[in-house]
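To start, the structure itself, in structure tokens.
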Amino acid sequence: MKTKIGIPRGLFFYQYYPLWKTFFEELGAEIAVSGHTNRRILDMGVKSCVDEACLPVKVFFGHVLDLADKVDYLFIPRLTSVSRKEYICPKFGGLPDMVRHSLYGLPPIIDTEINLRKSGKNLLNAAMDVGSRLNCDKKAVRRALEKSLRAYREFREQVKKGALPPDIIDKRFPVLKKPSDRILNILVIGHVYNLYDNYINMDMLKKLRNNSVNLITVDMIDGCIIDEKAQTLNKKMFWYFGRKAMGTALHVLDRNDIDGVIYVMSFGCGVDSFISDLVEKKIRRKSDVPFIILTIDEHSGEAGFNTRLEAFLDMVRWRYRHEADVSSHG
Amino acid sequence: MKLTFPHMGNTYITVKALLDDLGADYVIPPFNIREALETGTRFAPEMACLPLKINLGNFIRAYEKGADTVLITGGCGPCRFGYYCEMHREILRDIGYPMDVITLEWPDKGLKEFLDRVRKIAGSLNICKILKAAKNATDVAIKVDELERLCFYLRPREKKAGTVDKIYKHFRAGVLQVKGSRNIRRLIRETFETLQSIEVDENARPLKVGIVGEIYTTIDSQTSFNIQERLGAMGVEVHRYVTVSGWIVEHMIKKALHLPRDIRYAKAAAPYLGAMIGGHAQETIGNTVLYANAGYDGVIQIYPLTCMPEIVAESILPAIERDLGMPVLTLIIDEMTGEAGYMTRLEAFIDLLQKRREAREFERKGALPWNRCRFGEH
Ligand code: SF4
Ligand code: SF4
């Protein structure tokens, strides 16, 4: 029988799933993914996690519990760093320990550390470590890694072109309402787990797309542009997400086709508490493009959230018409 | 240029020694932490961590007293502290307090940039003098921490309640009246002597509690409602591994000189937290294990709301509590924390530790506590 590896549908799932899936399947394992986030998963997470944790970590706990008795192993890598000289967040670095010491009766956890802060070569070591736990030979691991990196690159290409990770992963082809209004270009900044988990963000992306919005996410901006912009910061940004968000914000200032910027953050997120503020300052100081921060937590009501989102879109549209008027008369 | 710097417990003593010796002009922000927090909260992002807000309040008040440049230390992640400098710079600019921020850290741009920053503070002093001032300031930090440790020991043992606090307060105020590391060190010596001469109960066997958690809220007793003094007054001996001098020696000097560091805590933490994840989470976990092994009665974890590394630590602590039988109380501080509720929890915890100890002793001695009373212990 094939070994069954459980992958929780939380945190970096929408960033790396295609890579992880290919890797494990190449090694002959079977993959089980937890269900889509729902009330039950959220509740399980909230109940089993310390109160102070941020929503995405609580949701992750829920996903772990959803899988716990269905798999042979849980894959919860210690994601210290996925890019040179950068970190993700202390909670990612401590995630397997948090899970192991808060939840009991879990299957063994593959908690290999992935730390590419000093060198990208560590990825191979990490892959070897995972492979050895599954008793795979080195050659097979090397091959699986190559193949999974290819799958990953392909996935990122698709995302860059405008496909949303959940659509690719779940093989959905969204049917969108025909635009009834002028199409707005709205840039959405946020962590992958806030942007692409429809339950967490209360279907925000769908709502936007059905409201004649052309979505642009951080993942669709060219990495080179982001890096170039981020390098102009006074101090090097040491968070992976922070660099992307700041680089994107600075890039917005160079463009005149962005009609509005939405920053989605989770309540209690340490990284967002700083980055959202810095992004807002950068944008507001130099531009008058409409900007809004939407905060989500386990208590946010959908009605209030929708109202804020709609008000924002109305404002953007009003502004557009107004400007169009001015220019046609002027 | 007039410098200022953030408060954190007794750090002002070390920084004062350093800046006096360097001949720099500076302003020490007012000591009222609550007021600083209130001011900072008005201008900082709502979910920023508490130390940032207090720092900001300090800078604003210092600016009003003439300071134009902020001196702080930095880092390169993964926790928020490394980006405090940029946050301060940006916020101060936006609210109309345009202060320059000098960050003492190893900059991305290397040695030259670092020396430039030091030059800014020290002016034309030569490198030997600067190093000497740094060495003396480090020594001050070490001595102040020793002094504090002595207070931890004496408070639950003093015969006349409040003696230690009075001497300690007197010392903290006295530092402001003298100038330079040499005079500060003399004052420390004198305070040591005064403290050593007070009357103590040699037979006292106070409860022992270790304090762990985020560095600011544990070192700065005022932020945590003077927890150290209060525990002392409740007859509890406190201990804390994380100190200012420890931070200077372990994190700055030994790192810069590539000397082997004291990593007992990391070894102790290993079974529970397998990596350095930022902030002091590894210290929190490791030191809790060390306290358990050293027979302490309890551990108190303190951290500011939303502190990322300590949230990880908090999730792990129950496992240590269970494995090693070490009671842990977690206290979380933010601008809304009410003193009354906080104290109730603290007192209940100390009560619990006291009962636990009595129960254990009862098991060990096989004597009933009321029997002992009857035989004239009271
Ligand atoms: S980055 Fe923010 S949301 Fe993500 S795990 Fe860290 S604190 Fe939570
Ligand atoms: S350790 Fe905690 S309180 Fe200190 S900077 Fe980091 S997140 Fe903020």
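The values are calculated or read from the model by the stated rules, or taken from the named source; none is laboratory data. Owing to the predicted nature of the structure, the values given are computational and were not obtained by experimental measurement. Don't worry about glycine lacking a Cβ; one is built from the backbone with ideal geometry, like all the others, and counts go over all protein chains shown. Only protein heavy atoms, including side chains, enter the accessible area calculation; ligands, DNA and RNA are left aside. Shrake-Rupley method; radii C 1.70, N 1.55, O 1.52, S 1.80 Å.
Picking from A:Val175, B:Gly286, A:Tyr104, whose Cα lies most toward the positive end of the charge dipole for the protein assembly as shown (charges on Cβ: Lys, Arg +1; Asp, Glu -1)?
Of the options given, the answer is B:Gly286.
Relative to the longest principal Cα axis of chain A, at what angle does helix A:55-67 sit, 0 to 90 degrees, rounded to 10?
40
How much accessible area per residue does the stretch B:3-134 have, counting only protein heavy atoms and a probe of 1.4 Å, in square angstrom?
40
Within the stretch B:3-134, how many Lys pairs sit with Cα atoms under 25 Å apart, leaving out pairs fewer than 8 places apart on the same chain?
Summing the qualifying lysine pairs gives 14.
Students often forget the sequence filter, so: which lysines lie under 17 Å Cα-Cα from A:Lys2 once same-chain residues fewer than 8 apart are removed?
List returned: A:Lys21, A:Lys70.
Do any residues of the stretch A:237-254 lose at least 30 Å² of accessible area when the full set of protein chains is present rather than just their chain alone, and if so which, with a 1.4 Å probe?
A:Phe238, A:Trp239
Could you tally the net charge around B:Asp68, taking each other residue with its Cβ under 14 Å from the Cβ of B:Asp68, Lys/Arg +1 and Asp/Glu -1?
That sum, taken over residues with Cβ under 14 Å, equals +3.
In whole angstrom, note down how far apart the Cα centers of the stretch A:219-286 and the stretch A:161-178 are.
25
Total accessible area buried between chains B and A, 1.4 Å probe, in Å² to the nearest 100?
Summed over both sides, the interface buries about 3500 Å².
Measuring from centroid to centroid over Cα atoms, what is the spacing of the stretch B:272-343 and the stretch A:72-94 in Å?
22
Give me the percent relative contact order of chain A, please, defined on Cα pairs under 8 angstrom at least 6 residues apart.
Computed value for chain A: 16 percent relative contact order.
In chain B, carbon and sulfur make up what percent of the accessible area (probe 1.4 Å)?
C and S atoms contribute 55 percent here.
Nearest 10 degrees is fine. How inclined is helix A:39-48 to the longest principal axis of chain A, computing both from alpha carbons?
In chain A, helix A:39-48 runs at an angle near 60 degrees to the longest axis.
Can you check what the net charge comes to around A:Val192, using other residues whose Cβ is under 11 Å from the Cβ of A:Val192 (Lys, Arg +1; Asp, Glu -1)?
-1
On the accessible surface of the stretch A:174-322, probed at 1.4 Å, how many percent belong to carbon and sulfur atoms?
Carbon with sulfur: 50 percent of the solvent-accessible area.
Would you give the gap between the C-alpha center of the stretch B:8-85 and the C-alpha center of the stretch B:120-173, rounded to a whole Å?
19
Of the peptides B:256-266, A:91-101, B:7-17, B:58-68, how do they stack up when ordered by the mean number of other Cβ atoms within 10 Å, highest first?
Averaged packing, sorted descending, gives the order A:91-101, B:7-17, B:58-68, B:256-266.
Report, in debye and to the nearest 20, how large the dipole of the protein assembly as shown comes out about its Cα centre when Lys and Arg carry +1 and Asp and Glu carry -1 on their Cβ.
1520
With a probe of 1.4 Å, find how much accessible area the stretch A:216-330 has per residue, and write the answer as a whole number in Å².
About 44 Å² of surface per residue is accessible.
Specify the angular offset, from 0 to 90 degrees and rounded to the nearest 10, of the alpha carbon long axis of helix B:308-324 from the longest principal axis of the alpha carbons in chain B.
Tilt of helix B:308-324: around 20 degrees.
Which pairs, out of A:Lys121/B:Lys135; A:Lys4/A:Lys121; A:Lys91/B:Lys2; A:Lys161/A:Lys236, put more than 30 Å between their alpha-carbon atoms?
Those over the limit are A:Lys121/B:Lys135; A:Lys91/B:Lys2.
Give me a single rounded figure for B:263-273: the average over its residues of other chain Cβ atoms within 10 Å of their Cβ.
Mean partner-chain Cβ count within 10 Å for B:263-273: 1.
Have a look at the stretch A:36-57 and report residues whose accessible surface goes down by 30 Å² or more when the remaining protein chains are included, against the chain on its own, probe 1.4 Å, ligands and DNA/RNA excluded.
Those are A:Val50, A:Glu52, which lose 30 Å² or more relative to the chain on its own.
Quick one: go through the stretch A:178-213 and flag any residue whose amide nitrogen is under 18 Å from the point 7 Å out along the Cα-to-Cβ line of A:Tyr320.
In the stretch A:178-213, the label zone of A:Tyr320 (backbone N under 18 Å from the point 7 Å along Cα→Cβ) covers A:178-189, A:205-213.
How charged is the neighbourhood of B:Thr344? Take every other residue with its Cβ under 15 Å from the Cβ of B:Thr344, and add Lys/Arg as +1 and Asp/Glu as -1.
Spelling it out: positives minus negatives among the neighbours equals -1.
Which Cα, out of B:Phe43, B:Leu111, B:Thr330, lies furthest along the positive dipole direction of chain B (beta carbon charges, K/R +1, D/E -1)?
Farthest towards the positive pole: B:Leu111.
Please average, across the residues of B:275-284, the number of beta carbons from any other chain that are within 10 Å of each residue's own beta carbon, and give a whole number.
4
Based on the Cβ-Cβ distance of A:Cys224 and B:Asp323, what FRET efficiency does E = 1/(1 + (r/R0)^6) give at R0 = 51 Å, to the nearest 0.05?
Once rounded, the FRET efficiency stands at 0.55.
Quick one: dipole size for the stretch A:4-160, taken about the Cα centre, charges +1 on Lys/Arg Cβ and -1 on Asp/Glu Cβ, in debye to the nearest 20.
Its charge dipole is roughly 560 debye.
By accessible area of protein heavy atoms, probe 1.4 Å, what ranking do B:Asp108, A:Asp219 get, highest first?
So the residues, ranked largest to smallest area, are B:Asp108, A:Asp219.
Which of the listed residues, B:Gln301, B:Pro271, B:Ile316, is farthest toward the dipole's positive end in the stretch B:229-378, when Lys, Arg count +1 and Asp, Glu count -1 at the beta-carbon?
Of the listed residues, the answer is B:Pro271.
Hey, got the dipole for the stretch A:99-140? About the Cα centre, +1 on K and R Cβ, -1 on D and E Cβ, debye to the nearest 20?
The calculation lands at about 180 debye.
Would you please state which residues of the stretch A:249-287 a label at A:Thr232 would reach in this model, taking the label point 7 Å out along Cα→Cβ and a backbone N cut-off of under 17 Å?
A:249-258, A:278-287
Over the whole of A:79-91, what's the average partner chain Cβ count within 10 Å per residue? Rounded to a whole number, please.
4
Using the beta-carbon distance between B:Ala233 and A:Lys178 and R0 = 60 Å, what value does 1/(1 + (r/R0)^6) give for FRET efficiency, to the nearest 0.05?
0.25
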